[in-house]
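Heads up: the structure comes next, in structure tokens.
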Amino acid sequence: MPPFLALPPELLLDIADYLPPDAILALKLTHPTLNTLLPPPLQKRTHPLPRCARLAYLTYLRRPSPTSLIRCILCKATYPAALFTSAASPACLTAPSSAFRNEVVELPPRFCAWHVSRLARVVRVAPGEGNGWTSRVERMCMHCGAVQAWRKCGCGCGSCGVRGVRTYTRWLDNGRECRGFLFWREQGAEDGGGGGGRLFVRETCWSSGRWKLGIGFARIWGLDGR
């Protein structure tokens, strides 16, 4: 028996008293013993559920989709499984051959390719304060898609799922560079290319009143632990 189920029933009920209704439902669905022991999640509810909790209810109670379809955790729509790789995103350059890695940037589970742009931002700073790319793992709300270090979560429900995701920030100290960008990952050693699978970005820049492509593929140093 799992250690959690070995706790006295009275203690399990006390723990459930501190959980929001959608968390109680999730806990009930993890094991038949808990499903029998814990009360209905809405038994003591006197006011409407927040939107995030209602969405969580729908997710937990939804019938399983065919194996070829996945429901996106953010847009709540169902798409083919192929759309849950970053290579399918317009923010990433497609691989020129099947020998290249399919995943360009790291996506959380059930995070469709339409949301890759949520993982990157451009921050303008004063001249000389920094010009380049950095990458960090930040906490993202899986209900509204807000990266908590970048903007406040708009849900305000207390039951949002939060997950660590790898994010990318372009620090820009001028008005010419980085008018647009696309991620690309070179062929790595695991793909037979021996290149290490480094991550690059191709930027569109503004110069002399005309749009022009940035110089080749600009290396994003230090990303993905490489």
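The values are calculated or read from the model by the stated rules, or taken from the named source; none is laboratory data. Because the structure is a prediction, the values reported are computed rather than measured. Don't worry about glycine lacking a Cβ; one is built from the backbone with ideal geometry, like all the others, and counts go over all protein chains shown.
Looking across 57, 79, one residue alone is surrounded by 14 or more Cβ atoms within 10 Å (Cβ to Cβ), at pLDDT 85 or above and aromatic (Phe, Trp, Tyr). It is 79. Only a single item in (1) surrounded by 12 or more Cβ atoms within 10 Å (Cβ to Cβ); (2) modelled with pLDDT under 55; (3) not hydroxyl-bearing (Ser, Thr, Tyr) is not met by residue 153, and it is number (2).
Answer yes or no as to whether residue 113 is within 19 Å of residue 137 (Cβ to Cβ) and at pLDDT 90 or above. For residue 113, the condition - within 19 Å of residue 137 (Cβ to Cβ) and at pLDDT 90 or above - is not met.
Being in contact with a helix residue (DSSP H, G or I) (Cβ under 9 Å, 6 or more places away or on another chain) and of a type in the set (Asp, Glu) holds for only one residue in 22, 17, and it is 22. Is it fair to say residue 133 is at pLDDT below 90 and in contact with a strand residue (DSSP E or B) (Cβ under 8 Å, 6 or more places away or on another chain)? Yes.
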